[in-house]
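Asker: Let me begin by handing over the structure; questions about it come next.
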Amino acid sequence: VSSTSIPIIYRNHSFYISGVLFGLKDIKLIRKLDVKEFTMKSLLTYPNTDAYQDNRPILMQYYLFNPTFNPDANSIVVGFPIINGLSIINEFDSIYEVKLPESKYLSNFNPFLSKENNSDFRKEFALRASYSSLVFESKNNFYIRFVKHSISDNEMELNDREKNENPEHSIMLLDKDFRLIAEYKLKNRFMDPSSFFITKNGQLYILDKEKSKRDENNQYFTVLSFKKNEN
């Protein structure tokens, strides 16, 4: 698996490649290919929580995970869709977890499929909030974590496909020590948090799916700029 939200990371003469086998919770998630020593090893498992250790089924989207690289700390940081905390792979490939405050949009979260809707996966996913992309912004030295909001039962009953398939998002800003700076709700629900890039000057470009869909010759992005408060 490789995309802007699930990148291949190069560190210390090695490529770190993420891989997912949907439905399997007890596998290693990242392959490390050392191009200097010509060796390969596997590392990182799903967190030791009920969601990933229980035999009850969860949505396929919750098997995905989002790594990012912090070059200042020489560490790989990994976020999971239904876990508040993050997993850290340090420069020696040792792994530890850090706890984070919960997004205000994820209270009372239940990761397991409900019996009444276990065949309607789109509805299940739409009705629940979850974490998505994670990226380190090196200019201001903080992390940006996207949060997908849930759609209410009333909204779902209106059967508005455009809204149901384009949920609102917020972003959590975390400092280099993973302390929460703030959480901001994004105004444009058509921004795609899986399609983005970040520039050296700290600007985050997020694909606008609605505008890009209307113009087959161009792609449109919403640009977010961040400024660190020195006070």
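A short reminder: the numbers here are calculations on the coordinates, not readings from a lab. Because the structure is predicted, anything quoted here is derived from the model rather than measured. Please note: Cβ atoms are built from the backbone with ideal geometry, for glycine as well, and neighbour counts cover all protein chains shown.
Asker: Using +1 at the C-beta of Lys and Arg and -1 at the C-beta of Asp and Glu, which of Asn166, Leu59, Leu113 has the Cα lying farthest in the positive direction of the dipole of the chain?
Answerer: Ranked along the dipole, the leading option is Asn166.
Asker: Can you give me the three principal axis dimensions of region 73-152 from its C-alpha atoms, in Å, biggest first?
Answerer: Sorted largest first, the three principal extents are 46, 26, 19 Å.
Asker: Assign unit charges at the C-beta atoms only (+1 for Lys and Arg, -1 for Asp and Glu), then state the dipole size of region 149-210 relative to its Cα centre in Debye, rounded to the nearest 20.
Answerer: Using only the charged Cβ atoms, the result is roughly 420 debye.
Asker: Just order 154-167, 53-66 by mean Cβ neighbour count inside 10 Å, highest at the front, would you?
Answerer: With the highest mean Cβ count within 10 Å placed first, the list reads 53-66, 154-167.
Asker: Kindly state, as a whole number, the per residue volume in cubic angstrom of the convex hull around the alpha carbon atoms of region 116-231.
Answerer: Convex hull volume per residue, Cα atoms: 127 Å³.
Asker: What would the Debye formula give as log10 I(q)/I(0) at q = 0.19 Å⁻¹ for the alpha-carbon point model of region 126-178, no solvent?
Answerer: -0.66
Asker: Which loop-located chymotrypsin sites (Phe, Trp or Tyr not before Pro) does region 1-57 contain, where loop means any DSSP state but H, G, I, E or B and the Cβ has at most 10 other Cβ atoms within 10 Å?
Answerer: Those satisfying the criteria are Phe22, Phe38.
Asker: Largest first, please: the extent of the C-alpha atoms of region 1-85 along each principal axis, to the nearest Å.
Answerer: Largest to smallest, the principal-axis extents are 42, 25, 22 Å.
Asker: For the chain, what is the charge dipole size about the Cα centre, in debye to the nearest 20, if Lys and Arg each add +1 at the Cβ and Asp and Glu each add -1 at the Cβ?
Answerer: Here the chain has a charge dipole of around 380 debye.
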